[in-house]
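Written below as structure tokens is the structure these notes are about.
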Amino acid sequence: MRFPIDVSTLILIAGSEPAGGDLASAVATMQRRGLARAYRTGRLVCGWVQVTIGDDERLGLTQQERQLVRVRFHEPLDDGLRSELTQLIARRGAAARRAAERIDPIEIVVDDPQGGARERIIGRVEPPQMRHGRLRDIEFALRKLEPAR
């Protein structure tokens, strides 16, 4: 049995498959952006944090691993956190990963623009992909910590 296929169906089929292993095409376009505050041990360390939360649609990831959180820190910034982030920006490769492990976890509290419930994310700052420019222009990944069981 043969099924009729027209050109529009071929274009649809060709465009539905992401390029093999291309991370950019596998990441969902659904992203939420918001403003947040950063705390460390209950103390405010940054009053203005831009947060982008998205989902990674690659197969084989747990729900915790799917959520991608990126943060940008704006002034005013705690001197200790500024120093740690500056050191993290200056390093590359394994040295950057070791520097990131030495940074204490940060609690990000994302405000809901409609006045609803706030979202609380606890994680560790990861080395940035872009290392040039002002600190507020550099986007850091936030690796979420698993809650204690």
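Every number in this text was worked out from the coordinates using simple rules, so none of it is lab data. Bear in mind the structure is a predicted one, so any value in this text is a computation, not a measurement. For neighbour counting, all protein chains shown are included, and Cβ atoms are generated from backbone atoms with ideal geometry for every residue, glycine included.
In this rough spin-label picture, where each label sits 7 Å from Cα along the Cβ direction, the Glu75-Met130 distance is 2.0 nm. The Asp137 and Arg92 beta-carbon pair, evaluated with R₀ = 30 Å, returns a calculated FRET efficiency of approximately 0.95.
Here the spin labels are modelled as points 7 Å beyond Cα on the Cα-Cβ line, and at Glu119 and Arg33 they lie 1.5 nm apart.
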